[in-house]
Every structure is written in structure tokens, then in C-alpha cells.
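In what follows, a single structure is set out as C-alpha cells and then discussed.
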Amino acid sequence: MANLRMTVLVVGATGSIGRLVVDEVIRRGHAVRALVRNPGKARQLPSEAQVVIGDVTRPDTLSGAVGGVDAIVFTLGSDGAGKVGAENVDYGGVRNVLRALGNRTARIALMTAIGVTNRTGAYNRATEAHDWKRRSERLVRASGLPYTIVRPGWFDYNAPDQQRLVLLQGDKRQAGDSSDGVVARRQIAEVLVRSLNSDRALRKTFELIATTGPAPDDFDALFGPLDADPEGALDGVHDMANMPLKEEPQRVRDDLDAVLARRSANSS
Ligand SMILES: NC(=O)c1ccc[n+]([C@@H]2O[C@H](COP(=O)([O-])OP(=O)(O)OC[C@H]3O[C@@H](n4cnc5c(N)ncnc54)[C@H](OP(=O)(O)O)[C@@H]3O)[C@@H](O)[C@H]2O)c1
């Protein structure tokens, strides 16, 4: 697919991945809009970035961010803010931005995490961060928007010669440490941005790690062999079915119903 110039909104633009996404969007020749909640932090961003001040937990601040965008990259993180942060930011942030988008369409690239389907490990039991990130994935799948979901391995644990990207599916690596796989922040940013322009990345969910070898030069070839998520599925293809909808909190089911209703209104 041609590298058509897009306007790309980065949600989480001041974060350790988001800043690199902003750089990559510019490098790829797109226009970049950065959602920033703290105006002081906007100064860290390159002058090419159009800064919009907003907080994903305050829906009234989001309409200016989504107007006229062709694509949205989510790299939000609420690390350290516990269960409430995970629900309000990692999940609620995605819900609120999609809600602000309304019936407009945009290509979505969502970053979550390797091991996101592991519900029983100590990390998820303490923070529920996996569960809430996985619910954000479900909202994106249910939205009917064209999407790619990237679940990176452990950030920046890779050696300089580990440039080869490996895409896995089914989220089978769940040790909860860097033995699950490592990947450089810069590589994550590149994959998120490259997915926006690749038809071969559509409706695909994958874990992203790096191993010894050269960097890829053909991203369509990288995304191509992956299985797409089935139409209408809430979870990634090959994911463990360990989050039954009927056991989900009512507010989560209500959010999903609202997304599905918006989708059917748009298609009628
Ligand atoms: N570390 C790893 O090895 C690893 C591996 C896989 C996945 N992950 C996941 O990656 C995420 C961390 O990514 P990162 O390092 O880029 O995170 P980060 O540096 O903490 O950045 C998080 C971004 O989200 C923004 N944000 C937080 N709350 C917001 C709100 N209410 N409204 C608007 N923006 C808000 C932050 O804004 P401010 O700058 O204003 O705070 C920041 O831009 C984590 O959630 C983690 O689970 C980590």
C-alpha cells in the first residue's frame, strides 16, 4: 500500500513509546497531532507536532483531538496508578477517544502488552492492567474500525544485534519477565506507524519481539503471514478464551453494546 500522507493522532504522545511514535510519524511523512495533558511536557515534542491539550479521562477535552484525523495510535499507560488507573486510562482512555470519534472512521493502532491474556499472574492480580488493556482491545475490535493491535515484549532489553522482528499470535508467552521476549522502543514505534499504511496488517493482533538478525525492510511481508482476527470476534485470533463476556462487569458490557450500536448505526 502506498505511503499516503495521513494526519495521525498520537494518544500518549509524551510517553516513552509515544515520543518515538511522534518522531516516526514525522519521519514517514505524515502530519502528527499529539494529545498532551500537561502543556509543559509539550515542549519536549518536535515543532512539527500539532499539540492538542486534553486528558483521556475527561471526555469534554477530546473533541479537538479527533477532528480530521485519518489514524490514531494509542500508547497510553497508567503505570503505577493501580486498578483505578488501569480502568480509567488504559481502558477508559481508549473508550473515550473512540466515543469522541463518533461515526467518523480512522485507522487504529493500539499498543497493549505481551501476556495481556494472563489473568492469574501476580501483576494482573495486583493491578488488573492486563484485564483492562485486554478490554480496550475488545472495544477496538468491536468498533468495526480498521485496526492493528500490537502487544510488545519487554522494552529495550534487546542487544544491538537483535534487530529481527518476530510476530507471534495466541499470547502463549506468559512468564511475566523478559524471557517472554524483548523489543526496542524504537522498533515498537516503527511497527505501530508502519501498520497504519499496510492492508496486510488489517484486523491483526500480535505479540512483537526482536531476535538476533537484521531489521526488516518489507513490513507488508512481516504482517502478511499472520492470521486476521475473525470478523465479530472480541479476542485476538488464537487467544485463550479465559474472559467470558457473561462474567464481565456490567459497565464493560454496556460499553461494548454502545460501540456495537454505533457500528450498526453507521452501516445502516
Ligand atoms: N515496560 C515494558 O517492558 C512494557 C512491555 C509491554 C507493554 N508495556 C506497557 O506499555 C505501557 C507503557 O508505555 P510507555 O513506557 O510509553 O508509558 P509512559 O512513558 O508512562 O507514557 C504513558 C503516556 O500516557 C499518557 N497518559 C497517562 N494518563 C493520561 C491521561 N489521563 N490523559 C492523557 N494521557 C495520559 C502519559 O502522559 P504524561 O506524559 O502526561 O504522563 C504518557 O504520554 C504500560 O502501560 C505497560 O503496561 C510495557
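Quick notes
- In a simple Cβ point-charge model (Lys, Arg +1; Asp, Glu -1; nothing else charged), the chain has a dipole of about 600 debye relative to its Cα centre.
- Cβ-defined net charge surrounding Ala258, 12 Å radius [Lys, Arg +1; Asp, Glu -1]: +3
- Choice from Leu222, Leu98, Leu139 showing the highest fluctuation, given a GNM over the chain with Cα pairs closer than 10 Å: Leu222
- Computed [θ] at 222 nm, helices only, for the chain once each DSSP H run of length n ≥ 4 contributes -39500 (n - 2.57): -9000 deg cm²/dmol
- Of Ser264, Ala221, Phe155, farthest towards positive along the dipole that unit charges on Lys, Arg, Asp, Glu beta carbons give the chain: Ser264
- Phi-derived couplings, Karplus 6.51 cos²θ - 1.76 cosθ + 1.60 at θ = phi - 60°, listed residue by residue for the stretch 248-253: 6, x, 4, 5, 6, 5 Hz, with x used for Gly and Pro.
- Counting only heavy atoms of the protein chains and using a 1.4 Å probe, Tyr147 has close to 10 Å² of accessible surface.
- Here the mean projected area of the convex hull built on the C-alpha positions of the stretch 1-72 is 4.7 nm².
- The listed residues Trp154, Trp132, once ranked by accessible area (1.4 Å probe) with the largest placed first, stand as Trp154, Trp132.
- Ligands, DNA and RNA left out, the accessible area of the stretch 129-255 computed with a 1.4 Å probe is 52% carbon and sulfur.
- Cβ-based net charge around Arg173, under 9 Å, with every Lys or Arg adding one and every Asp or Glu removing one: -2
- Zone of Ile53's modelled label, taken as backbone nitrogen in the stretch 26-45 under 19 Å from a point 7 Å along Cα→Cβ: 33-45
- Placing one equal scatterer on every Cα of the stretch 89-200 and applying the Debye formula, the log10 ratio I(q)/I(0) at q = 0.23 Å⁻¹ is -1.37.
- The chain: relative contact order as a whole-number percent, Cα under 8 Å and 6+ apart: 18
- Taking all protein chains together and a 1.4 Å probe, the residues Lys133, Lys83 rank Lys83, Lys133 from largest to smallest accessible area.
- Label-zone membership for the stretch 188-224, site Arg27, 7 angstrom Cα→C-beta point, backbone N under 15 Å: 188-196, 215-219
- Measuring nothing but how far apart in sequence close Cα pairs (under 8 Å, 6+ apart) lie, relative to its length, the stretch 4-113 scores a relative contact order of 28 percent.
- Look at where the Cα atoms of the stretch 216-268 and of the stretch 194-210 average out, and the two centres are 14 Å apart.
- Å² of accessible area per residue within the chain, as computed with a 1.4 Å probe and no ligands counted: 44
- Shape call, the chain: gyration tensor on alpha carbons, a/c limit 1.5: rounded
- Computed from backbone phi with θ = phi - 60° and the Karplus coefficients 6.51, -1.76 and 1.60, the 3J(HN,Hα) list for the stretch 85-91 is x, 4, 5, 6, 9, 4, 9 Hz; x is used for glycine and proline.
- Highest mobility in the GNM of the chain, judged by mean-square fluctuation with C-alpha springs under 10 Å and restricted to Asp217, Asp131, Asp23, is found for Asp217.
- All other residues whose Cβ lies under 13 angstrom from that of Val56 are scored, Lys and Arg at +1 and Asp and Glu at -1, for a net of 0.
- Using θ = phi - 60° and Karplus 6.51 cos²θ - 1.76 cosθ + 1.60, couplings along the stretch 261-268 (whole Hz; Gly, Pro as x): 5, 4, 5, 6, 5, 5, 8, 9
- When all alpha carbon pairs of the stretch 1-158 are counted in 10 Å bins from zero, the resulting P(r) reads 11, 42, 36, 11, 1 %.
- Taking amide H atoms as placed 1.01 Å from N in the peptide plane, the amide H of Thr205 lies under 5 Å from those of Ile149, Asp229, Val237, each 5 or more residues away in sequence or on another chain.
The values are calculated or read from the model by the stated rules, or taken from the named source; none is laboratory data. Quantities reported herein were computed from a predicted structural model and do not represent experimental measurements. Heads up, the Cβs are rebuilt from the backbone with ideal geometry, glycines too, and the neighbour counts pull from every protein chain shown. Protein only, heavy atoms only, side chains kept; ligands, DNA and RNA dropped before computing areas. Shrake-Rupley method; radii C 1.70, N 1.55, O 1.52, S 1.80 Å.
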